[in-house]
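J.: Quick one: the structure is below, questions incoming.
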Amino acid sequence: MLKTTEIDDKLTLTEREFEQISEMVYNHCGINLHDGKKELVRSRLAKILRQRQFHSFSHYMDYVASDSSGQAFSELIDSLSTNLTSFFREAIHFEYLATVYLPELIAQRKDANQLRLRGWSAGCSSGEEPYSIAITLLEALHDRSRWDVKLLASDISTRILHRAREGVYEHERIAPVSAALKNRYLIQRKHRDQKRYEVAPALRQLIVFKYVNLMEEWPFRGPFDFIFCRNVMIYFDKPTQQRLINRFCQVLAPGGILFTGHSESLTGIRHNFRYVQPTIYKKG
């Protein structure tokens, strides 16, 4: 078995290896690793190679390709993507949801006696986004028991989905949550003399966590009333973004809302959404 120092000496990412990794990742999940990402790929994957005692990137990619369970590929994607998230991140989206969209939608559904709401957090990371959406939904529904409400939370990383399902966060992670909402929806626990917060059952009951590769067939048809897909499309090239936006439109209900990340827009993409305000788009 090679020693760590011997492995480090051999960890040079060739152009051919980088092209192989880029092609495999793009074909599998649409992430576009352009030339400027070569050093990021090398440094992040090198950690896995050292841990698993692979002597080259080619050897590692052979292992990933031959792993029928998908766990190796999930680990690869985990290392290359940045799971930066927080409760109520990009607060303008939650303000719009709470003060504009949900009140109108709830009133319409009550008038039609169709007490059903569906949402999707596409790229949910470690769970702060879907739990923030769930809090917003519960705050908007004063007669919750009468409603059929479900929120799909999906990601391509099985590891990050496991963390999201656990729903346990350090004190600093829940800082954006107000004291009132904290009291209603988070349960304080003590873990090794550290304060931890666990999401309340009321939130868990609303959310279904599921592995979904956005590039593959989706195991659902919708319709969703709103979709959060934020800071996901930054990893895709324009043709991939185009296909994804069209598919989101297909599974959104008429008048449904798409929320994108602050660094993402639909400029240069043909679509059937109406611009509402930056990063907020309405179907039809």
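The values are calculated or read from the model by the stated rules, or taken from the named source; none is laboratory data. In this text, all values refer to a predicted model and were calculated from it rather than measured experimentally. Note that each Cβ is placed from the backbone with ideal geometry, even for glycine, and that neighbours are counted across all protein chains shown.
J.: Just wondering, is there one or more residues in the stretch 148-159 that are within 18 Å of the chain's Cα centre (by Cα), of a type outside the set (D, E, K, R) and on the phi > 0 side of the Ramachandran plot?
T.: no
J.: Okay, moving on. Tell me, yes or no, whether the stretch 75-97 has at least one residue that is at pLDDT below 90, among the hydrophobic types (A, V, I, L, M, F, W, C) and either closer than 21 Å to residue 14 by Cβ or in contact with a Leu (Cβ under 6 Å, 6 or more places away or on another chain) (or both).
T.: Yes.
J.: Oh, and also: Where residues in the stretch 101-129 are hydroxyl-bearing (Ser, Thr, Tyr) and under 20 Å from the mean Cα position of the chain (by Cα), which of them is surrounded by the most Cβ atoms within 10 Å (Cβ to Cβ)?
T.: Applying the filter and picking the extreme gives 121.
J.: When you look at residue 98, is it surrounded by fewer than 20 Cβ atoms within 10 Å (Cβ to Cβ), in the same structural domain as residue 45 (by TED's automatic domain parsing) and of a type outside the set (Ser, Thr, Tyr), yes or no?
T.: No.
J.: Now a separate question. Can you go through 276, 208 and tell me which one is part of a strand (DSSP E or B), assigned by TED's automatic domain parsing to the domain that holds residue 140 and more than 19 Å from the chain's Cα centre (by Cα)?
T.: Within the list 276, 208, the selection yields 276.
J.: List the helices (runs of 4 or more DSSP H) inside the stretch 39-105, counting only whole elements, that have at least 2 residues being acidic (Asp, Glu).
T.: The helices (runs of 4 or more DSSP H) meeting that bar are 71-80.
J.: Scan the stretch 250-269 and report the pairs whose first residue is closer than 14 Å to residue 237 by Cα and whose second residue is surrounded by fewer than 17 Cβ atoms within 10 Å (Cβ to Cβ) and at pLDDT 90 or above, with Cβ atoms within less than 6 Å and a gap of 6+ or a chain change.
T.: Going by the 6 Å Cβ cut-off, the qualifying pairs are 269/242.
J.: Which residues, taken from the stretch 221-247, are within 17 Å of the chain's Cα centre (by Cα) and farther than 18 Å from residue 129 by Cα?
T.: 235, 236, 240, 241, 244, 245, 247
J.: Just give me the residues in the stretch 28-39 being modelled with pLDDT under 85 and over 19 Å from the mean Cα position of the chain (by Cα), in sequence order.
T.: Passing the criteria: 34, 35, 36, 37.
J.: Check whether at least one residue in the stretch 163-179 is within 19 Å of residue 220 (Cβ to Cβ) and surrounded by fewer than 17 Cβ atoms within 10 Å (Cβ to Cβ), and report yes or no.
T.: yes
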